[in-house]
Amino acid sequence: FIARMRTAFAAGEYLSHRFRIMSARGGTMPVQFHARVIRNQRGKPRRVLGVAIDMTEQADASARLEQRAEQERALRDRLNLATQTAGIGIWDVHLKTGNTRTDAIARQLLGVADEIEKPLRFVHADDYQRVKSIVEQAVQDNDTHIVALRFRIVRPSGEVCHIQTHMRLVGDDC
């Protein structure tokens, strides 16, 4: 801090610096210090005008956010491990635009390498009408409960596979 003050005296006119100070209770306290060097007509430092702001609340909030982010990273890692181990693919479809996003496992289950358009095209012809009706009914009713379906799909290779999918509508614009 002293070195920064000397630099501000020598060349600069403004200083902003964060540091910790010892509090009256013996602990440390984060402080944001802002100062402006006031110079005389010859350019020599005459005085310093400054403020110090207690940053304890901001530092505590930042620590809580970092802790929450770390917890979310750990939860995401655990979820990824579980879905990968179980061979569960994840997909979502934006109902207004039709845009579909899939993860690598979902694409592997469908037998494709890239993102898919029109996911119902994979449904076996004998199951198509039933699956389509259930999906359309859930959308029409704006059903936010989990809907579970078992049906067959036909991969691009022609291979027929049995899958189970769980879906739920999410968001106001479903």
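The values are calculated or read from the model by the stated rules, or taken from the named source; none is laboratory data. Since this is a predicted model, take the numbers as computed values, not measurements. All Cβ positions, glycine included, derive from the backbone under ideal geometry; neighbour counts span all protein chains shown. Ligands, DNA and RNA are stripped out before the accessible areas are found, and what is left, the full protein with its side chains, is counted by its heavy atoms. Shrake-Rupley method; radii C 1.70, N 1.55, O 1.52, S 1.80 Å.
This table checks each residue for (1) open to solvent by less than 60 Å² (accessible area, probe 1.4 Å); (2) in contact (Cβ under 8 Å) with a residue 40 or more places away in the chain.
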{"site": "ILE116", "(1), (2)": "yes, no"}
{"site": "PRO119", "(1), (2)": "yes, no"}
{"site": "VAL123", "(1), (2)": "yes, no"}
{"site": "GLN140", "(1), (2)": "no, no"}
{"site": "ILE153", "(1), (2)": "yes, yes"}
{"site": "GLU159", "(1), (2)": "no, yes"}
{"site": "GLN164", "(1), (2)": "no, no"}
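Among the residues making up the stretch 142-151, those that are open to solvent by 80 Å² or more (accessible area, probe 1.4 Å) and touching a strand residue (DSSP E or B) at 6+ places or on another chain (Cβ under 9 Å) are ILE146, ARG150.
Within this structure, ARG47 fails the test of being basic (Lys, Arg) and in a helix (DSSP H, G or I).
The residue that is most open to solvent (accessible area, probe 1.4 Å), counting only those in the stretch 103-114 that are in contact with a strand residue (DSSP E or B) (Cβ under 7 Å, 6 or more places away or on another chain) and touching a residue at least 24 places away in the same chain (Cβ under 8 Å), is LEU109.
Out of all the residues in the stretch 95-102, is one or more part of a strand (DSSP E or B) and open to solvent by less than 100 Å² (accessible area, probe 1.4 Å)? Yes; the residues of the stretch 95-102 include at least one that is part of a strand (DSSP E or B) and open to solvent by less than 100 Å² (accessible area, probe 1.4 Å).
Tell me, which residue of the stretch 40-56 that is charged (D, E, K, R) and within 19 Å of SER16 (Cα to Cα) is least open to solvent (accessible area, probe 1.4 Å)? The qualifying residue least open to solvent (accessible area, probe 1.4 Å) is ASP54. Condition first: surrounded by 12 or more Cβ atoms within 10 Å (Cβ to Cβ), over 30 Å from ALA148 (Cβ atoms) and not β-branched (Val, Ile, Thr). Can you find one or more residues in the stretch 60-82 that meet it? Scanning the stretch 60-82 turns up at least one residue that is surrounded by 12 or more Cβ atoms within 10 Å (Cβ to Cβ), over 30 Å from ALA148 (Cβ atoms) and not β-branched (Val, Ile, Thr). If you go through the stretch 18-37 and keep only what is at pLDDT below 90, open to solvent by less than 40 Å² (accessible area, probe 1.4 Å) and either more than 15 Å from ILE2 (Cα to Cα) or in contact with a Cys (Cβ under 8 Å, 6 or more places away or on another chain) (or both), you end up with SER23, GLY27. Of the residues making up the stretch 1-24, those that are closer than 18 Å to ALA59 by Cα and not hydroxyl-bearing (Ser, Thr, Tyr) are HIS17, ARG18, PHE19, ARG20, ILE21, MET22.
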